[in-house]
Amino acid sequence: MQNQFARTELLIGKEGIEKLKQAKVAIFGIGGVGSFAVEGLVRAGIQNFILIDYDKVEETNLNRQIIATTKTVGKYKVDVTKDRILEINPNAQIEIHKEFFMPESEEILDESVDYIVDCIDTITAKIELVVRANKLNIPIISSMGTGNKLDPTKFEVTDIYKTSVCPLAKVMRKELRAREIKNLKVVYSKEEPIKSKEVIEECNIQCNVPGSISFVPSVAGLIIAGEVIKDIISEK
């Protein structure tokens, strides 16, 4: 069998491959964005993972999450993701945490972590994760809102304080400024949120649940994976 990273090595060289192999990435939230971020990372050569999510795969995840199939519905997302990673790279080392990360959560991170990926939905949890990353001096990239969006070409990578349009980014800017966090790399969309056309009561879809589609959160996740990979291989 040929080396599965041979094509990648043509782009980033042996040194780059080795950096990815040695790096450890923690992904918080294995949903529409997080699942595709993991996919991009493992296929690029990241070999050490920490996965944090308490949710199980649901039928409503089938429209946008790469780990969601009719066979995985009802299973914990971190378990399904671990299995998928190992099917792609059997040499991967994976630590899983079945928990909702919140400000009161015990510390998961330490100096062995090289990069943090924030794909959490809850604002208080996102802020706490950024604060912890800042204290530990671990690079972090954070996903802003991808719900109620239809145009994947509107995503940008920038600092949180340079964002606009995105309601989640607006709240994050305010809260991080209050905590004297000076910067945060984010992926966000400049597309105005689309208002739901209707509420389908018979399907139990509530008004506060954002609409989603297959090709928007997936693009955000792959952009995040690309940023993580580029940052790791550029480290001296």
If we count other beta carbons within 10 Å of each Cβ, what is the order of ARG173, ARG7, fewest first?
ARG7, ARG173
Net charge over other residues, Cβ less than 11 angstrom from the Cβ of PHE100 (K, R count +1; D, E count -1)
-4
Using the Kirkwood radius over Cα pairs, work out the Stokes-Einstein diffusion coefficient for region 45-122 at 20 °C and 1.002 mPa s, in µm²/s as a whole number.
156
Which of the aspartates and glutamates could a cross-linker span from LYS14 if the Cα-Cα distance has to be under 18 Å and same-chain partners fewer than 8 positions apart are dropped?
ASP231, GLU235
Have a look at the DSSP beta bridges in region 100-236 and tell me what percent are antiparallel, nearest 5.
45
Among all stretches of the chain without exposed GluC sites (Glu not before Pro) (DSSP loop, at most 14 other Cβ atoms within 10 Å), which one is longest?
112-179
How many percent of DSSP beta bridges within the chain run antiparallel, rounded to 5?
25
Please list the three semi-axes, largest first and in whole Å, of the ellipsoid equivalent to the chain, using sqrt of 5 times the eigenvalues of its alpha carbon gyration tensor.
27, 22, 18
Rounded to one decimal in nm, the spacing of the 7 Å Cα→Cβ label points at LYS230 and THR60 is 3.4
Considering only ASN63, ASN183, LEU20, whose Cα is most displaced toward the positive end of the charge dipole of the chain, charges sitting on Cβ of Lys, Arg (+1) and Asp, Glu (-1)?
ASN183
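Quick note: the coordinates plus some simple rules give every number you see, no bench work behind them. What you see is a predicted model, and the numbers here were worked out from it, not measured in a lab. Neighbour counts run over all protein chains shown; Cβ positions are idealised from the backbone, glycine included.
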